[in-house]
Structures are given as structure tokens and as C-alpha cells.
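Novice: Quick one: the structure is below, questions incoming.
The values are calculated or read from the model by the stated rules, or taken from the named source; none is laboratory data. Not measured: the values here are computed from a predicted model. A quick note on method: Cβ atoms are made from the backbone with ideal geometry, for glycine too, and the neighbour counts reach across all protein chains shown. Ligands, DNA and RNA are excluded from the accessible area calculation, which covers all protein heavy atoms including side chains. Shrake-Rupley method; radii C 1.70, N 1.55, O 1.52, S 1.80 Å.
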Amino acid sequence: MKKVVKFGGSSLASAAQFKKAGHIIRQDESRRYVVPSAPGKRHPKDTKVTDMLYSCYLLALREEDEEEQFEKLIQDIKARYDEIILGLDLSLDLTAEFQVIRENFTRKIGRDYAASRGEYLNGIVMAEYLGCEFIDAADVIFFQESGDLDTEKTGRVLSERLAGCERAVIPGFYGSLPDGRIKTFSRGGSDITGSIVARAVHADMYENWTDVSGFLVADPRVVKNPKAIDVITYRELRELSYMGASVLHEDAIFPVRKEGIPINIRNTNAPEDKGTLIVEATCRTPRFTITGIAGKRDFASITVEKAMMNSQVGFCHKVLGVFADNHISIEHMPSGIDTMTIFVHQDEFEEKEQEVIAGIHRAVEPDFVELESDLALIAVVGRGMRATRGTSGRIFSALAHANVNVKMIDQGSSELNIIIGVRNHDFEAAVRAIYDIFVTTQI
């Protein structure tokens, strides 16, 4: 069995955290390929190493005026690593590496290079600590000149490089452009690297170690101590992330999804917790009818009403064309026989609301156009809803009991999600009411 394990910044912020990660890796021989992030915050008021590197590079760009501050900050960054090395009792000296970084910063080699050095240095420390081979991500992960990942070349080179390597550390977050310059991932960071490595070695599991024990059914800022999600499918995950849940970025999921490799979100500080398993599909019966609840505030709705609208070919196309012409993206669009309602981001719409209204009148000559603002959309997601009768009724009942006025409710054709529209000020009460009826009381 082969596992790729990725550790986030909070999991590698100090020597104590490094030891936890090391213990986790050594506990299971199948954890053969390690992808580290840069050291994160050791405490709430601390600064991430990546942010320190960004600041240091900005000082280097200002040249002579900030030379003293530049030198102090680069020494502060080195001190962070020296503290970890000392705490791990390693005979490792990064002086030469920092000299190269100093020279490259002075040469203004690029912001991406600066940002990547946190992972690069942490990779060297991790490889030394584990006694594994260190593989620079710049040598095995490649970007096209356009900045897009060169998937084919990366897969080929990485697979060949790791085929003869029993155990290795590959730093996350970056790769290289055709001319050799360092390029970082714009979104998803080290999570993407872990996913790419997992696909290259045909891993049986991609473990993503962070500071939480998997995903939660609801936002803990809204619901007190929400339950964890045991198993979630990629489709459920996409629905939740689209509606604002803080989950893995889609770019980090795609490589392993294509290979059918499951992802396990685990907690470095509570390794005994099973975390959340992300899979393509599962026969496992979910613990609750719903898998998760997520939502966003600050939407506006535009309702267009016209008698016999359904008999006019191209009516919806013409209305949506007005939004496209004004470069406004559509979030959701429930409709009836004589009405259609378009939900858009309020801040995006407000700047062009009069142009849109005028455009709709010119395009379809509606009987009536109504605007509403300060709305929130809540997604209730779960594969268990397909086999459960009365899910919508339970939602309505819960919201009525909480005195929440429902502005809109719509169920997707996949029966995987139900979208509810409420007022902004009712958002938290609505989420808590839905959580209570499906999770707390399980009525």
C-alpha cells in the first residue's frame, strides 16, 4: 500500500509540530511520500514564514533604502528554521541555502521564487529529519509558459523520478516554468502538489494533515460544536465548496479524482481521529440525512414576470443575455410558468442595476420587474436525501418554527442538494434550524 501525506503550515510551525508529523509518518510504513508546506503560525499573533518571505522580497526591491531591515528580516526567517532544526536535534546548516536566497532576492528573481522558499527549506528539514530523499519540486513539477500546469510532462517526469525512490519528500506549492523560473500555484497551494504526487505514484490514499479533524456539517462560527462529516463524495464536496464552505480547492481534487484515489482529511494534533474521507462514490449509509450545510450572504434577486412567458421561444436566453452583456455572473435561477428569478451577487449588480433593468425591458418587454436585496442562499447537501421522503417538508417546518421567512426553495435534479433563499438577517438562524432538525434531533 502507498500513501502520500501532505502536512499544512500549522502542522509544521515548530519543532514540536514536526515531531508530531514525524511520529505519524513513522507509524505507518505505507506513508512513503511526504509533501510539506512552509511553517505556519506558532500562535495567533505569529507570522507565517511565507508572509515573512514576501515582506523580505519587497524590502529587497527597494534596495539601499531598506538594506538594514532586509538583513534583519532574512536573519529572522533563518532563526525560525534554526529553532526547528535545534528542536529536532539535527546536524543541518542552512547558511549556504540562505546565502543563495539572499543573492537571488538582491537580483530580484521574482515574487514566486520568494514565496516558494518556505516550502523548499521545510522540505530540506523534513527530508533530513525522516532520513528520506529530498526532491526539489522545481525538477519534477512543470508549468507551461501560460502559467497553466503542464500535466502531461509533470506526470511523466514525476512518475519516472519516484519509480526508483522508496521514500521521498517533495515540497508543495511550486514548480518551474520552461525557462527554469520558479512558478507557484495561484490557488490550492501544497494541496495540489500532494494530489499530483498521489496520482504520479498511483497511491492508494492521499492523506491531507491539517489542524482540524476533517470537514464539519456546518460552519462552527454559526453552529456550536457541529458534527464532523465521516464520508463525503466529490459531488457533495463541490456543492458545499461552491456555496462557500472552506474545503479543498477544486484544483487539488481533480488529479486524484481522475485516478479514483480517496482523500483523507486528518488532524495532526488528534491523529486518532479518523477525519473525513473524500471518495468518488460510496455504498456507506450516511450518519445523517444531510452531509453538510453551507451558504453565502449578500445576494440580490431580479424577478421578471410576463404572461405566457413559457410559450415564447428564447425568452430566458434573451434575459440572461442582458446579464452577460453587463458582465454579471448568475448564481442561481429558479423559474415558474410566467416568472423567472435571477440571483446575483449584490455588489456586482448594484453598479449596473439600471442598465440591466433597461436591457430586460428592451429584450423581452416584461409585465413586471421586481428587485430584492440583502438575501442569503443556503445549500443543504446530502446523498442521503435521495432515499428520504419529506426532506423539503422538514426544512420548511424547521424554518417556520425558527420564524424564518423562506424567499425561495429549489431542489437540483440530482436530488443531491436543496437551495433555500432567506433574508441576510435570518441566515444564521436558518442554518441552525436546519442543523438542529437533521443532526441534533434527527427528526
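Matching residues to (1) under 26 Å from Lys153 (Cα atoms); (2) in a helix (DSSP H, G or I); (3) open to solvent by 60 Å² or more (accessible area, probe 1.4 Å):
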residue: Arg235; (1), (2), (3): no, yes, yes
residue: Glu239; (1), (2), (3): no, yes, no
residue: Ser246; (1), (2), (3): no, no, yes
residue: Ile253; (1), (2), (3): yes, yes, no
residue: Lys258; (1), (2), (3): yes, yes, yes
residue: Asn264; (1), (2), (3): no, no, no
residue: Pro271; (1), (2), (3): no, no, no
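Novice: Counting only residues that are over 27 Å from Arg111 (Cα atoms) and of a type outside the set (Asp, Glu), which one in the stretch 28-64 is surrounded by the fewest Cβ atoms within 10 Å (Cβ to Cβ)? First the steps, then the outcome.
Specialist: Applying the first criterion (over 27 Å from Arg111 (Cα atoms)) to the stretch 28-64 yields 28-33.
Okay, now just the ones that are also of a type outside the set (Asp, Glu), so 30-33.
Details: Ser30: 13, Arg31: 20, Arg32: 20, Tyr33: 26.
This residue is Ser30.
For (1) buried (at least 17 other Cβ atoms within 10 Å of the Cβ); (2) free of Cβ contacts under 8 Å to residues at least 24 places away in the same chain, each residue gets a yes or a no:
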| position | (1), (2) |
| --- | --- |
| Val381 | yes, no |
| Arg386 | no, no |
| Gly390 | no, yes |
| Asn417 | yes, no |
| Asn424 | no, no |
| Phe427 | yes, no |
| Ala430 | yes, no |
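Novice: Test each condition in (1) under 28 Å from Ala198 (Cβ atoms); (2) open to solvent by less than 70 Å² (accessible area, probe 1.4 Å) for Phe70 and report the one that comes out false.
Specialist: Among (1) under 28 Å from Ala198 (Cβ atoms); (2) open to solvent by less than 70 Å² (accessible area, probe 1.4 Å), the lone unmet condition for Phe70 is (1).
Novice: Can I ask one more? Could you pull out the residue among Ile84, Ile25 that is surrounded by 15 or more Cβ atoms within 10 Å (Cβ to Cβ) and touching a Lys or Arg at 6+ places or on another chain (Cβ under 6 Å)? Give the steps one after another, and end with the answer.
Specialist: Values: Ile84 fails: touching a Lys or Arg at 6+ places or on another chain (Cβ under 6 Å).
Unique residue meeting the criteria: Ile25.
Novice: Looking at the stretch 169-215, which of the residues that are assigned to a loop (DSSP other than H, G, I, E, B) and of a type in the set (A, V, I, L, M) is nearest to Thr276 (Cα to Cα)? Explain how you work it out, then say what you get.
Specialist: Initially, the stretch 169-215 is screened for residues assigned to a loop (DSSP other than H, G, I, E, B), giving 170-173, 177-181, 185-188, 201-204, 211-215.
Add one more test, that the residue is of a type in the set (A, V, I, L, M), and what stays is 170, 177, 201, 203, 212.
On the way: Ile170: 24, Leu177: 34, Val201: 22, Ala203: 18, Val212: 10 Å.
Among residues in the stretch 169-215 that are assigned to a loop (DSSP other than H, G, I, E, B) and of a type in the set (A, V, I, L, M), the one nearest to Thr276 (Cα to Cα) is Val212.
Novice: Among the residues of the stretch 310-322, are any touching a strand residue (DSSP E or B) at 6+ places or on another chain (Cβ under 7 Å), modelled with pLDDT of 90 or more and farther than 23 Å from Leu216 by Cβ?
Specialist: Yes: the stretch 310-322 contains one or more residues that are touching a strand residue (DSSP E or B) at 6+ places or on another chain (Cβ under 7 Å), modelled with pLDDT of 90 or more and farther than 23 Å from Leu216 by Cβ.
Novice: Does the stretch 161-181 hold any residues that are open to solvent by 10 Å² or more (accessible area, probe 1.4 Å), in contact with a strand residue (DSSP E or B) (Cβ under 9 Å, 6 or more places away or on another chain) and farther than 16 Å from Ser146 by Cβ, and which are they?
Specialist: Once the filter is applied, which keeps residues that are open to solvent by 10 Å² or more (accessible area, probe 1.4 Å), in contact with a strand residue (DSSP E or B) (Cβ under 9 Å, 6 or more places away or on another chain) and farther than 16 Å from Ser146 by Cβ, the stretch 161-181 yields Arg161, Glu166, Arg167, Phe173.
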